[in-house]
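Reading through the structure tokens given below for one structure.
Each value in this text was obtained by applying a stated rule to the coordinates, not by laboratory testing. No experiment lies behind these values; they were computed from the predicted model shown. Note that we place each Cβ from the backbone using ideal geometry, even for glycine, and neighbour counts take in every protein chain shown.
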């Protein structure tokens, strides 16, 4: 039965894909949505049995790859970590499916869109139910392809297919690390099955491994390589450049893939590997620092962007940073908790933004919005709820999970954890700031759109607002409901064996006993952030421009996304093509062919030309040559033999 | 009863018998052309059917060669007519017989002059390919191995593009150069061992110094066939000029002759030299993976780009073989089978649009997905298989090769894995420029949708690529005993790499 959770979306995708050939859009919508809803119901049952009931289960489906000792089976693993992800994935995915019926209603290829959405869901479910690293890689690449297809869904747009390709290639760079990580794990453990890896991790804590000529601690190497994979998928600093561009995809895609589920796969992977990573303290420190840097870095960009979706995209990037540094300080339950609450409120924000874009006739620039809150009241309220949850205001979902992460970072008492704590607090301030900047610019003030656009502004249909309501319920209550289970008193029993924390790593326990100022600081900072946003964008709207002028270099740095795209373009993209052309023309054509076949044939041709010139046809030439030959031979014979 | 049939001889020579039928066709030019197409299609399809018992009756658990046939030929000289297959050659026989009818279908409309001669060339080519894979006598192997050149030379040289003569001669000279050295080595082996029987020579111990020279002689031949860097430059030219079906067979089967040769000759017969030269092979293969991937990125001709990608993919194969690990060799074998299907499909994909627009320039296209959505699906699937997406056959081979490569050295694995990134880059870029974007040319706008004939080529290829991606054991199980046999032979010769295991 559990296998159906994973495969129903696949069937839906296949049928919808088939229907798309015959333009049967409505049928495709019905089939994929019913598949997803069924999958969601089964996931709820699985959550009750496995998560609450505490009975993990593994479903074996058969052999996949087996060669010598290298064995990867098709096998679905259902433990607490998995069922939490099942709820998140099928929950958000089914809401996004329903929302898409309204959002895509004017599109000519709705069946294809629904098929891709379900295909993505299948791949994501394969990822979270994986029982071994190679099957996880299957889901990992599968979501990558689905993401590629969906970002490039409007494939006639240059920017869309450019973004799609960028997403795939940057993810491949991460996958390069993932693949090497799998190899390192196999070299070390002789298996890629999670159970085998976890059972042996403690005994390999002090083992070294030869990697690229260096003798390094084996688990650290494997951990960091796998984390490079996670960085690609979860858009962490350095490999984040694809995520903002991915906003070229239709907005439901951004909500599902680039906010709630796929980008959190990296966090999930780190939590899944907790039994191994706990013995790799240096790798955990790396994760902490990268996560913390991403959290602040993305927030600085987020507050300067004008595209409504890109602001939320950078916010996602930043929140993923929080999850990573939580995992890095061994607070995996807090990371998973934030992953869950974030899925609801970020999907809500994206779908709300989609509703705004829909209302504004496909306008995405905040500078051309404003003054529409009365015309789209439901969307407006939803965006408020999402923003309150994101900024971590008391009793909204983000309050419980984000504060938990900051408290754990404070309680971990290590240098990387302290860096993470302070950067995380600063990012919390910026988060609130850019969230209210977005709210005010989008909904309040004087309308900046054309009169024609303003005349068309309308609330979205029920099929779009109802999923928003469902997600809003999650954004309000998920934190409060989940607190005790995920990170509170029932934590140990709930997670069971799916998350492992060394007894010496006490961040999670001590997080409940931090000083009061640690608990209140994030809330105060968030309130301050809101205050500044209201001041700058609501009351004294000339301030932002003045600050931007005053701190122009800094502003440009943030606005141009720290010039990462320009840097990569100059360092990797353009040289690659140039080197390729060079190798082709100078290497293949001039050198190999020049000295090889072409060179030899030219040489033979010339040689025969020279030789044929000797054959003049004049008898006296031949007679003369003969005479010289005789003289030479006689002379040689004389000197060689006669003189002796 | 079926056990007694000389099934390998039948599969090998049936296409040659088909040639007789082709010669008997009479009538005006159009009748001859049409009948030749049908005869060739029927003969090659029937050959495929006849080869199926090989697959069904093959005993994966048995050690050694199956379906053996021995005949008296040059009795008393140690040379004889000897055929047989094991888990290493059987998949290649099936690949050849499977691809041949598809290639003939692919030539249906594209070839319009001298159709009969073209079909004769293809059927002769099939006999030579199959014969090469089933030969268990070195002299027979050599004859088939060389004879493959002749029909392919004609296919490129007669039915090829504008620079066909240059490409055909380049192809011929390169491969002939390698073969001469191989022939000298074979003579030396015959003198030393007193037989040309392959199973017999495999158990013969050549002296260390002799192994070195023999290895290098065979390397010269096989490296050209694979092709390995830096003797790969014939391949892009040959592919660009060859007709679509010629490219399909060239990439699908002919490139595998080198890899097969390494597994049949170099590794089992010259184990010490193989170990000694493994670092050289790794170096050349890694250069191939990175160098040709970058060159592929710079191409503006679709076929040339896919040709360069073939060189990169075959780099994985040679790395896998010389890791001398079970995963490495199995991965290399799997990669060859997978590449046979995927590259044939990719070259056919180019053929489909070439038949409509008569250009291979990438810049002439753009937005094809709008006019040919179903073609876009197949092309996308094969493109993803080519970049090694898990769930397609392309992934399994690459993954296993990487596992083997790490065993040899993490450096080898590291550089080989860069192929994952580079491969994705050029393939996605190709797809993007051809299929996506707005339609800019009126010719593209007028492109016809796919025909039934084209579906019937894509569908079987896609089905197998998917099947081998989800259930690769269908292939891996067949090979594992034979690979283990090769490895046992290597460890019996006391190699230090294997001793370290």
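Of note:
- With all pairs of different C-alpha atoms in the average, the Kirkwood value for the hydrodynamic radius of the protein assembly as shown is 31.9 Å.
- Sequence of A:606, B:374 once ranked by neighbouring C-beta atoms within 10 Å, starting from the fewest: A:606, B:374
- Virtual paramagnetic centre 7 Å along Cα→Cβ of residue A:381, amide N under 20 Å, in the range A:456-470: A:458-470
- Ranked by the mean number of other Cβ atoms within 10 Å of their residues, highest first, the peptides B:12-20, A:395-403, A:517-525 fall in the order A:395-403, B:12-20, A:517-525.
- Shielding value for A:580-593 is 5, the average number of Cβ atoms from other chains within 10 Å of each residue's Cβ.
- By other beta-carbon atoms within 10 Å, ranking A:498, A:41, A:93 with the fewest at the front produces A:41, A:498, A:93.
- With a cut-off of 19 Å on the backbone N, the residues of the range B:36-51 near the modelled label site 7 Å out from residue B:113 along Cα-Cβ are B:36-37.
- Remark: the residue A:59-residue A:18 segment gains 11.9 nm on full extension, using 0.36 nm per residue and subtracting the alpha carbon distance.
- Here residue A:627 and residue A:591 are evaluated by their C-beta separation; at R0 = 60 Å the FRET efficiency comes out at 0.85.
- Amide N proximity, the range A:93-110 versus residue A:41 label position 7 Å along Cα-to-Cβ, cut-off under 17 Å: A:94-95, A:98
- When the Cα gyration tensor is reduced to axis lengths a ≥ b ≥ c, the ratio a/c is 1.5 or higher for chain A, and with a/b above b/c it is classed as prolate.
- By other beta-carbon atoms within 10 Å, ranking B:371, B:148, A:602 with the fewest at the front produces A:602, B:371, B:148.
- FRET efficiency for residue A:634 and residue B:213, using Cβ-Cβ distance with R0 set to 45 Å, rounded to 0.05: 0.60
- Simple spin-label estimate for residue B:363 and residue B:5 gives 5.6 nm between the two label positions (7 Å along the Cα-to-Cβ direction from each Cα).
- Cα shape, chain B, gyration tensor, a/c 1.5 rule: oblate
- Computed from Cα positions, the angle between helix A:377-391 and the longest principal axis of chain A comes to roughly 70 degrees.
- Relative contact order, whole percent, for the range B:2-499 stands at 15, derived from Cα pairs under 8 Å and 6 or more residues apart.
- Protection proxy ranking of B:154-160, A:140-146, by the mean of other Cβ atoms within 10 Å over each peptide's residues and highest first, is A:140-146, B:154-160.
- Helix B:452-470 and the long axis of chain B differ in direction by around 40°, with both axes built from C-alpha atoms.
- Between the C-alpha center of the range B:345-365 and that of the range A:324-403 there is a gap of 47 Å.
- Distance from the range A:443-459 to the range A:215-249 (C-alpha centre basis), Å: 41 Å
- Available extension along the chain between residue A:559 and residue A:49 is 178.8 nm, counting 0.36 nm per residue and deducting the alpha carbon span.
- Residue B:143/residue A:71 FRET efficiency (R0 60 Å; Cβ-Cβ; nearest 0.05): 0.90
- Its DSSP H runs of at least 4 residues, each contributing -39,500 (n - 2.57), put the calculated 222 nm mean residue ellipticity of the protein assembly as shown at -23000 deg cm²/dmol, to the nearest 500.
- Between 0 and 90 degrees, the angle of helix A:281-302 with respect to the longest Cα principal axis of chain A falls at about 70 degrees.
- Extension gain for residue B:283-residue B:183 works out to 33.4 nm (0.36 nm per residue, less the C-alpha to C-alpha distance).
- Cβ neighbours within 10 Å from other chains - mean over B:417-424: 5
- Spin-label pair residue A:306-residue B:493: with each label point 7 Å from Cα along the Cα-Cβ axis, the two points sit 7.0 nm from one another.
- Nitroxide proxy distance, nm - points 7 Å out along Cα→Cβ at residue A:454 and residue B:203: 9.6 nm
- Distance between the C-alpha centres of the range A:555-588 and the range A:114-159: 27 Å, rounded to the whole angstrom.
- Highest average first, the peptides A:577-586, A:267-276 ordered by how many other beta carbon atoms sit within 10 Å of their residues are A:267-276, A:577-586.
- Per-residue mean of C-beta atoms belonging to partner chains within 10 Å, peptide B:325-337: 2
- Cα gyration tensor category, rounded, prolate or oblate, for the range B:9-113 with a/c compared to 1.5: oblate
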